[in-house]
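Worksheet: one structure, shown below.
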Amino acid sequence: MKVALVHDWLITYAGAERVVEQILALYPSADIFSVVDFLSDDQRGFVRGKSAQTTFIQKLPFAQKKYRGYLPLMPLAVEQLDVSDYDLVISSSHAVAKGVITGPNQLHICYCHSPIRYAWDLQHQYLREAGLTKGPKSWLARWFLHKMRLWDLRTTNGVDHFVANSDYISRRIKKVYGRSATTIYPNVAVEDFSVVEAKENFYVTASRLVPYKKVDLIVRAFATMPDKQLVVIGDGPQMGKVRAAATPNIQVLGYQPFDVLKDHMARAKAFVFAAEEDFGIIPVEAQACGTPVIAYGKGGARETVVSGETGVFFDEQTEASLQAAIGRFEADFVIDPWKIRQHAERFSTAVFQERFKSFVESRCQDFFGVLE
């Protein structure tokens, strides 16, 4: 059986690419397709040294740095990828990959990280953050996003089965596409983390410093709790804002190597997470260290953190709500590092591989059995 793996774009190694890595571990002979592929030679380990077959966007000016600027062309581009020689097409999609064209004798399974966020329920947030709420540019952006929604909805007809990375995304798929999806949580490298039983008297948060991660909210909350220590790891556009809000009880370390991040997560009394994520890998990584999580109670965190057992939730993205959760945590929560670690193992690489392989094999038997 010939297998094609279609991914939106290959630029870096992040959450979606970890899933690509494990799909390739299951189907090592698969050929890779992508809108663009700008991985350097030393980044190609997760794709087994392979290069993707790409689209015309690969050769457009400034595409390596400004590929997102070509988003209006991506629906056309992905439709030019020729996967007609393949029996099984697996798309890994958070933007346009699921729009690849397949025929009636091909099985198309889409691992959907999310329907296009900025075209659907996060459109207004995207326009605000991009400064596109008024004027001609705003109307042009809104028109394009309208066209993107129409295309995105039409291309769902080419997908035989959807897999979602969380129940939260499964509900979004149902809402947007009117299709059911099977949840298979993405793989987390739980085995890379060690449990530290003796926790120290500080909290930690780690993230790219962009608006929706709400790291500035966490810093402001701790700024008015001078008796509580916070360590912030990460870099990004909001670094100036985060540093300006920090007080003496808050250490802003900026970008740190993975080993430093692991060390702080393992020793902290709790990991603080204020974003509404589709899944959220890093709270699971913290739990793999036996560290509880204080998380905003929406999105994927609701599925990866167990209230009262592996962490606590706060209900609003406000300093007061987070401070109240920290108060409850310190008053009532009993840390059981090995129980927290055991929970994290539900999201391990081995579990992902077993569930995804079983799902694909079952659907292949049903589909190709009918063709025979």
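A count restricted to segment 129-146 and to residues that are in contact with a helix residue (DSSP H, G or I) (Cβ under 9 Å, 6 or more places away or on another chain), part of a helix (DSSP H, G or I) and without any contact (Cβ under 8 Å) to a residue 60 or more places away in the chain stands at 5.
Scan segment 195-203 and give yes if some residue there is basic (Lys, Arg) and closer than 17 Å to residue 343 by Cβ, otherwise no. Yes, segment 195-203 has at least one match.
In segment 149-196, what residues are among the β-branched types (Val, Ile, Thr) and either touching a strand residue (DSSP E or B) at 6+ places or on another chain (Cβ under 6 Å) or under 20 Å from residue 119 (Cβ atoms) (or both)? Those that are among the β-branched types (Val, Ile, Thr) and either touching a strand residue (DSSP E or B) at 6+ places or on another chain (Cβ under 6 Å) or under 20 Å from residue 119 (Cβ atoms) (or both): 155, 156, 159, 163, 169, 173, 176, 182, 183, 184, 190.
Once segment 357-372 is narrowed to residues that are surrounded by fewer than 11 Cβ atoms within 10 Å (Cβ to Cβ) and of a type in the set (A, V, I, L, M), the residue that is modelled with the lowest pLDDT is 371. Can you spot a residue in segment 193-201 that is outside the structural domain of residue 113 (by TED's automatic domain parsing), of a type in the set (Lys, Arg) and under 20 Å from the mean Cα position of the chain (by Cα)? The answer is no, given that none of the residues of segment 193-201 is outside the structural domain of residue 113 (by TED's automatic domain parsing), of a type in the set (Lys, Arg) and under 20 Å from the mean Cα position of the chain (by Cα).
The residues of segment 138-165 that are at pLDDT below 95 and hydroxyl-bearing (Ser, Thr, Tyr) amount to a single one, 138.
Hey, can you tell me all the residues within segment 91-128 that are within 16 Å of the chain's Cα centre (by Cα) and not in a loop (DSSP other than H, G, I, E, B)? The answer is 91, 92, 93, 97, 110, 111, 112, 117, 118. If you check residue 342 against the conditions, is it in contact with a helix residue (DSSP H, G or I) (Cβ under 7 Å, 6 or more places away or on another chain), not in a loop (DSSP other than H, G, I, E, B) and not aromatic (Phe, Trp, Tyr)? No. Restricting 284, 272, 196, 242 to residues that are in a strand (DSSP E or B), β-branched (Val, Ile, Thr) and either under 30 Å from residue 94 (Cβ atoms) or in contact (Cβ under 8 Å) with a residue 40 or more places away in the chain (or both) narrows the list to 272.
The values are calculated or read from the model by the stated rules, or taken from the named source; none is laboratory data. All figures in this text were calculated on a predicted structure; none of them were measured in a lab. In this analysis, Cβ positions are derived from the backbone assuming ideal geometry, glycine residues included, and neighbour counts consider all displayed protein chains.
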